[in-house]
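The values are calculated or read from the model by the stated rules, or taken from the named source; none is laboratory data. Source: prediction; values computed, not measured. A quick note on method: Cβ atoms are made from the backbone with ideal geometry, for glycine too, and the neighbour counts reach across all protein chains shown.
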Amino acid sequence: MKNIIIITLSLLCGTIKAQDNQNRLSFEFGYGINSYSMGKLNEFYIDSFALKPHVNVLQDYIKSGQQFRLGLNYKPIGLFDFGLYGSYQYGNSKSRPLFTETNEFGAPIQEHRGSFELRTEAISVGINTTWYVSHLLKFQDKENSLNRFHFGIELNGGIGFSKAVADMRYETYPIGSFYENFSSRDFQGQVGLKAEYDFTKSPLFTTLGIRFGYQYFRTKTVKDRLGRDWEVLGQYPINLDFSGFYFGTYLKLGR
């Protein structure tokens with residue numbers, strides 16, 4: 001019985017030690033490109049309003065955007081990690097509209113070149129986890145560079161604070177300038193694949209990785225600062241849809 005207890009304790013201590021070697025607290029910094037599905041914004045604002053001959057302030061749809069990401073992760077064992085993340089993403093369409101000022105008889109007086117931007121942006125915060133398939137395949141036990149390579153499935157979920165901004169500016173004709181913004185708060189989630197490689201391990205490990213997956217992030221009808229729905233031309237309610245595929249790179253630092 002004594003021998004069984006000693007063997008059991010030895011195995012338990014070995015397991016704890018092995019898990020302790022996997023304990024890592026890491027900071028993650030990332031950048032990526034996201035595709036968007038801004039159907040209503042592109043159709044009801046740009047097509048129905050901004051591309052009209054008498055307005056003609058935009059020529060391009062918002063189809064993609066950039067994303068910047070920060071993360072704090074803890075890896076209790078080699079199989080998975082979990083933590084918190086924050087991200088900022090945005091997409092826009094810009095133009096340089098020309099406005100001709102006329103007198104009371106309709107004769108041109110002066111031309112004014114302005115700048116117009118339609119921008120969609122969102123700040124998201126939430127929780128994330130990655131399950132490392134490479135650990136199940138025993139990559140960590142290899143005697144070659146494969147023990148520095150990790151890949152797995154990531155899941156992220158949180159709250160997204162989104163905004164649509166229409167910003168028109170004429171430096172020489174301030175009367176024609178305006179600024180409007182509309183916002184919403186909704187669920188934001190991602191599921192994808194990650195692959196990473198440890199360039200250094202001790203005392204500070206540095207990991208470079210790539211990620212690819214799909215983001216779901218669709219808002220309700222966005223509202224102005226007074227809580228009123230944004231309806232283009234009084235009949236087209238606008239929502240934002242950041243949903244689409246994403247691809248990015250990241251750097252992870254930790255112990």
Which one of these does residue 140 not meet: (1) under 21 Å from the mean Cα position of the chain (by Cα); (2) touching a residue at least 60 places away in the same chain (Cβ under 8 Å)? (1)
Have a look at 75, 40 and point out the one that is assigned to a helix (DSSP H, G or I) and modelled with pLDDT of 85 or more. 40
Residue 70 vs. criteria touching a helix residue (DSSP H, G or I) at 6+ places or on another chain (Cβ under 9 Å), touching a residue at least 24 places away in the same chain (Cβ under 8 Å), of a type outside the set (Lys, Arg) and surrounded by 15 or more Cβ atoms within 10 Å (Cβ to Cβ): no
Candidate set from the stretch 202-226 (those that are assigned to a loop (DSSP other than H, G, I, E, B) and hydrophobic (A, V, I, L, M, F, W, C)); member that is farthest from residue 28 (Cα to Cα): 226
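Got a sec? Which strands (runs of 3 or more DSSP E) wholly within the stretch 102-201 have at least 1 residues that are of a type in the set (Lys, Arg) and surrounded by 15 or more Cβ atoms within 10 Å (Cβ to Cβ)?
Of the strands (runs of 3 or more DSSP E) lying wholly inside the stretch 102-201, those with at least 1 residues that are of a type in the set (Lys, Arg) and surrounded by 15 or more Cβ atoms within 10 Å (Cβ to Cβ) span 115-132, 149-169, 178-200.
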Restricting to the stretch 227-250, and then to whatever is surrounded by fewer than 14 Cβ atoms within 10 Å (Cβ to Cβ), among the charged types (D, E, K, R) and not in a loop (DSSP other than H, G, I, E, B), can you tell me which residue is modelled with the highest pLDDT? 229
Tell me which residues, restricted to the stretch 168-208, are at pLDDT 85 or above and among the charged types (D, E, K, R). 169, 180, 185, 186, 194, 196, 198
